[in-house]
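See structure below.
The values are calculated or read from the model by the stated rules, or taken from the named source; none is laboratory data. Note that the structure is a prediction, hence the values are computed from the model and not measured. Every residue, glycine as well, gets a Cβ built from its backbone with ideal geometry; the counts of neighbours run over all protein chains shown.
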Amino acid sequence: MKKWIGISLGTLLGISHIGMIGMIARKESFPKLNLPISDYTSYSVVANKEGYSINYRAHDPRVLVKSEGVERPAGFLGFGKAKISKHEQYYIAPSQSVSGGMSPEMIACIKKKGGGEQTGRLVGGGLGTAAVTSTGIGSIPIVGWVLAGAATMVGMDQGAEIGGQMAADLAKECKDEENIN
């Protein structure tokens, strides 16, 4: 009888030991962190058996740099090219959103440039259609309608580019190079 008691107690102790080892192996040693993470945050976590420490910085880096190199039409009717390189350092305040923060001058410049592009697109489309009609491109068998559409679209695209740039050049809000997008 003592033999069976010893075997059952040994078995019970062995099974509980295996269960305890399984519980320890599955236990997560580090806590789960719910940090607010975005494009402008950084954090570092140092964790050990005694605990953990978190170094969290919102809006990091503090100063952002935007570099831009643009080649845009210039001169009479946009036939020349002007190369402009622009470097800007700015700070995003915690209350600002990434898309916000445009000045009223920038908004007015964007509106004027968009209006110029639309007017230029209309004029360019009319000139492209006139070129198709006067040259007879549309009467070419099989591919005439494709060429006529392509000529009209090219005229519209060029008209939009030239019209938008002319509107930006003439608008007083767009005289500053930072406002031209």
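Consider Ile142 carefully, then state whether it is outside any helix (DSSP H, G or I), β-branched (Val, Ile, Thr) and at pLDDT below 90. Taking the combined requirement at face value, the residue satisfies it. Any residue that is surrounded by 14 or more Cβ atoms within 10 Å (Cβ to Cβ), within 18 Å of Gly78 (Cβ to Cβ) and touching a residue at least 60 places away in the same chain (Cβ under 8 Å) - is there at least one of those in region 111-129? So far as region 111-129 goes, yes, one or more of its residues are surrounded by 14 or more Cβ atoms within 10 Å (Cβ to Cβ), within 18 Å of Gly78 (Cβ to Cβ) and touching a residue at least 60 places away in the same chain (Cβ under 8 Å). The C-beta contact set for region 164-175 (first residue in contact (Cβ under 8 Å) with a residue 60 or more places away in the chain and over 13 Å from Arg121 (Cβ atoms), second residue surrounded by 19 or more Cβ atoms within 10 Å (Cβ to Cβ) and among the aliphatic types (A, V, I, L, M), distance under 7 angstrom, 6+ apart or interchain) comprises Cys174/Ala168; Cys174/Ile180.
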